[in-house]
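The values are calculated or read from the model by the stated rules, or taken from the named source; none is laboratory data. Just so you know, these numbers come straight off a predicted model, no measurement behind them. All Cβ positions, glycine included, derive from the backbone under ideal geometry; neighbour counts span all protein chains shown.
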Amino acid sequence: QAKQVSRSSFQFFDNRFERELQTRLQTIRELRYSVERKCLRLYYQPQVRLASGEVFGVEALVRWQRTPGELVSPLLFIPAAEDSGHIVTIGEWILRQSCIQQQVWAKRYGRDLRMAVNVSMRQLKDPDFLGMVREVVAQTSINPQHLELEVTESLMMEDTLGLSAILQQVRDMGIGVAIDDFGTGYSSLSHLQRLPIDRLKIDRAFITGLNQNAEDQVIAALVINMGHLLHLQVIAEGVETAEQRDRLLAMGCDDGQGYFFGKPMPADELARQLFG
Ligand code: C2E
Ligand code: MG
Ligand code: MG
Ligand code: MG
C-alpha cells in the first residue's frame, strides 16, 4: 500500500514537472513570436527627490501584451527570457525604446529626465553588450548622463565573470549604474566599495515595514548611511505612503520611487501627468 502511494506521488510530481516545463517552453515560443510581432510594452515609473518632490527620472518597466486584453508581468516572463537567451534581443529593444522615449520627451517638452533601465546578468555576459549599448546611445543621441542601468545585487555577489569590469566601462561611457533590490543579498562593505556604481536602490521589502518593523528601519538606515559613506546616491523603491516618505526623508534618503509618487504607466500618460 505504501509503495502504491509513493509511486503515485512520484507520478504526480513527474506530471507536474512536465506540465511546468511545457508551460515554460510555450512561454518561450510565444515570446519569440512576440518579439518579432512587437508585443512588448514599456511602462515608466517616476523617480522623485524626496526633499523637493521633483520628478528627476523614470524607470522603464517592461510588460508583455500577450493578447489584446492581457498584459503579462515581467516577473512571469523575464526568467524564461533569461534562460532561453531571448533577453538579449528583448533587452536591446527595451534599451533602444527607452532611450528613444527619453529623447522624445526632451525634444517635445524640453525636460531631460534620467532613464533607468533594468539589465539582466545574461545581458551583461553577452560579448556584444558594450557594443550594443554604445550603438544605442549613438543612434538615439541620448546624453549618457541621462541614462542609468539597474543591475540586481545578487548578480554582483561574486565577480568571477568580470562583470564589474563591464560596469566600469559602462560608467566610462558616462552612463550611471545602480544596484537594484539592495539589502536582499549579502554584499559586504568592502565588496561594495570596489564596485563601479553610483546608486543603491533599497529593496521594497524593507520599505514596506518601515513604520511598523524596527528591523526594517535599522536595515534601511544602514543602507542609507553605508551608501552615503561610499558617496553613492540612495533611492528607496516601493514607497506607498506619506509616512514612509517622511521616515525616509528623516533618515537622509535622497530619492524615492513607488505608488505614492506614481505607478508605472504608459509614456503618454506619464507625459500628461508630468508635462500636461
Ligand atoms: P524592479 O526593477 O525592482 O522594479 C520594481 C518593481 O516594483 C516593478 O514591478 C514595479 O512595478 C513595482 N513597484 C513599484 N512601486 C511599487 C510600490 O509602491 N508598491 C509595490 N507593491 N510595487 C511597486 P514590475 O514592473 O512587475 O517588475 C518586476 C521586476 O521585473 C523588476 O523589478 C525587474 O527586476 C524586472 N524587470 C522589469 N522590467 C525589466 C526589463 O526591462 N528588463 C529586465 N531585465 N528586467 C525587468
Ligand atoms: Mg529596477
Ligand atoms: Mg528594484
Ligand atoms: Mg525589487
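Taking the condition within 14 Å of ligand 2 (Cβ to nearest atom), modelled with pLDDT under 90 and either over 22 Å from residue 267 (Cα atoms) or surrounded by 16 or more Cβ atoms within 10 Å (Cβ to Cβ) (or both), does residue 154 pass? Against the criterion (within 14 Å of ligand 2 (Cβ to nearest atom), modelled with pLDDT under 90 and either over 22 Å from residue 267 (Cα atoms) or surrounded by 16 or more Cβ atoms within 10 Å (Cβ to Cβ) (or both)), residue 154 qualifies. With respect to residue 148, is the statement that it is of a type in the set (Asp, Glu), within 15 Å of ligand 3 (Cβ to nearest atom) and either at pLDDT below 90 or closer than 26 Å to residue 55 by Cβ (or both) true? Taking the combined requirement at face value, the residue satisfies it. Being within 14 Å of residue 49 (Cα to Cα), within 16 Å of ligand 2 (Cβ to nearest atom) and crowded, with 19+ Cβ neighbours inside 10 Å is the filter here; which residues of region 217-276 pass it? Once the filter is applied, which keeps residues that are within 14 Å of residue 49 (Cα to Cα), within 16 Å of ligand 2 (Cβ to nearest atom) and crowded, with 19+ Cβ neighbours inside 10 Å, region 217-276 yields 234, 235, 236, 237, 239, 255, 256, 257, 258, 262. The numbered conditions (1) away from ligand 2 (no atom under 16 Å from the Cβ); (2) at positive phi; (3) modelled with pLDDT under 95 are all true for residue 174 except (3).
Residues are listed down the side, and each one gets a yes or a no for (1) of a type in the set (Phe, Trp, Tyr); (2) within 16 Å of ligand 3 (Cβ to nearest atom); (3) more than 18 Å from residue 57 (Cβ to Cβ); (4) loosely packed, with under 14 Cβ neighbours inside 10 Å:
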site: 164; (1), (2), (3), (4): no, no, yes, no
site: 170; (1), (2), (3), (4): no, no, no, no
site: 176; (1), (2), (3), (4): no, yes, no, no
site: 179; (1), (2), (3), (4): no, yes, no, no
site: 198; (1), (2), (3), (4): no, yes, no, no
site: 206; (1), (2), (3), (4): yes, yes, yes, no
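Evaluating residue 22 against the criteria (1) within 27 Å of residue 141 (Cα to Cα); (2) at pLDDT below 90; (3) not acidic (Asp, Glu) leaves one unmet condition, (1).
When 248, 232 are checked against the criterion of being of a type outside the set (Phe, Trp, Tyr), within 16 Å of ligand 3 (Cβ to nearest atom) and more than 26 Å from residue 119 (Cα to Cα), a single residue qualifies: 248. Of the strands (runs of 3 or more DSSP E) lying entirely inside region 122-238, those containing at least 1 residues that are within 16 Å of ligand 4 (Cβ to nearest atom), among the acidic types (Asp, Glu) and within 17 Å of the chain's Cα centre (by Cα) span 147-152, 176-182.
Residue pairs whose Cβ atoms lie under 8 Å apart, sitting 6 or more positions apart in sequence or on different chains, and linking a residue in region 115-141 that is more than 16 Å from ligand 3 (Cβ to nearest atom) to a partner that is among the basic types (Lys, Arg), are 136/96; 139/96; 140/96.
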